[in-house]
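K.L.:
Would you mind keeping the following structure in view while I ask a few things?
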Amino acid sequence: MRLLVFLTALCFMTTLNAQTEQAELMVKRGFFSPVFYINGEKTDRDKFVSKIRSNEEAHRLFHKGIARKTIGCTVSVLGAVVAGVEQGRRSEYKKSDREIPTSGTQNAKLYGGWLALIGGVATYYTAISWQQRAAEIYNGQPSTSLHLGPTNHGIGFTLKF
């Protein structure tokens, strides 16, 4: 009887020790890139991805965020180059006291470059929110939101799950 109680207690303690807690993941906005945390400790992206890989939906959403960050970074760099080249051309004309020739194409390059720069930066920073949502999904937090918007009976508060 003592042996049975001992073995049962040993099995129970082994089961308790064998259960592992799911790590809590968190993504915070950094100035140039997001900062990743596992259980409150700062970590690199590779360790973070290895943890989030266990949840398929969170992993998919996290990689969508990475893709959007890449697109945003590429568009903003291209926009900065186009706007910078056109602005440099205009400043060279201004230094030599010559009339700055501006056509519709040259104006489109300048303003289009600035628009691409601003749009790319906005895309980059909104993509970080996709990664934050992926961490919330991994942690099991419900992704609900309450907004003012259209309802079946007009305008009111809408709750999304």
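Bear in mind these aren't lab numbers, they're just calculated from the coordinates by the rules spelled out. Computed from a predicted structure; not experimentally measured. So basically every Cβ, Gly included, is an ideal-geometry build from the backbone, and we count neighbours across all protein chains shown.
K.L.:
Expected output is a single nm value to one decimal: the length gained when fully extending between ILE118 and THR43, i.e. 0.36 nm times separation in residues minus the C-alpha distance. What is it?
P.N.:
Details: separation 75, 0.36 × 75 = 27.00 nm, distance 2.96 nm.
In short, 24.0 nm is gained.
K.L.:
Once phi is turned into ³J(HN,Hα) by the Karplus curve 6.51 cos²θ - 1.76 cosθ + 1.60 with θ = phi - 60°, what whole-Hz value does each residue of segment 85-95 show in order, with x for glycine and proline?
P.N.:
Result, rounded to whole Hz: 5, 5, 5, x, 4, 5, 6, 5, 5, 5, 5.
K.L.:
Can you compute the charge dipole magnitude of segment 16-155 about its Cα centre, using +1 on each Lys and Arg Cβ and -1 on each Asp and Glu Cβ, nothing else charged? Give it in debye, rounded to the nearest 20.
P.N.:
Working: 18 positive and 12 negative charges, 79 e Å.
Value, rounded to 20: 380 debye.
K.L.:
Let me ask another. Plugging the Kirkwood radius over Cα pairs into Stokes-Einstein for segment 23-138, at a temperature of 10 °C and a viscosity of 1.306 mPa s, what D comes out in µm²/s?
P.N.:
Working: Rh = 16.2 Å.
Estimated diffusion coefficient is 98 µm²/s.
K.L.:
On to the next question. How much length, in nm to one decimal, is gained on full extension between LEU148 and ALA108, taken as 0.36 nm per residue of separation minus their Cα-Cα distance? Don't skip to the end; give the middle numbers.
P.N.:
Numbers: separation 40, 0.36 × 40 = 14.40 nm, distance 3.72 nm.
Once the chain is fully extended between LEU148 and ALA108, it gains 10.7 nm.
K.L.:
Note down the nm distance, to one decimal, between modelled labels 7 Å out along Cα→Cβ at PHE31 and at LEU78.
P.N.:
Each label point lies 7 Å from its Cα, and together they span 2.8 nm.
K.L.:
LEU159 to ILE71: extension gain in nm, 0.36 nm per residue of separation minus the Cα-Cα distance? Mind dumping the intermediate values first?
P.N.:
Working: separation 88, 0.36 × 88 = 31.68 nm, distance 3.06 nm.
Using 0.36 nm per residue and subtracting the Cα-Cα distance, I get 28.6 nm.
K.L.:
Could you give each residue of segment 129-135 its phi-based ³J(HN,Hα) in whole Hz, using Karplus coefficients 6.51, -1.76, 1.60 with θ = phi - 60°, and x for Gly or Pro?
P.N.:
Per-residue couplings from phi come out as 5, 5, 5, 5, 5, 4, 5 Hz.
K.L.:
Give me the distance in nm between label points sitting 7 Å out from Cα along the Cα-to-Cβ direction at ARG60 and ARG2, one decimal.
P.N.:
5.8
K.L.:
Give the residues of segment 108-140 whose amide nitrogen is closer than 20 Å to a point set 7 Å from the Cα of GLU24 in the direction of its Cβ.
P.N.:
Under 20 Å, as judged by backbone N against the label point of GLU24, lie 131-140 of segment 108-140.
K.L.:
Straight-line reach from LYS42: which lysines fall under 19 Å, measuring Cα to Cα and dropping same-chain residues less than 8 apart?
P.N.:
LYS28, LYS51
K.L.:
Let me ask something else. Mind listing the phi-derived Karplus ³J(HN,Hα) values for segment 58-71, rounded to whole Hz, using 6.51, -1.76 and 1.60 with θ = phi - 60°, and x for any glycine or proline?
P.N.:
So the J values, rounded to whole Hz, are 5, 5, 5, 5, 4, 6, 5, x, 5, 5, 5, 5, 5, 4.
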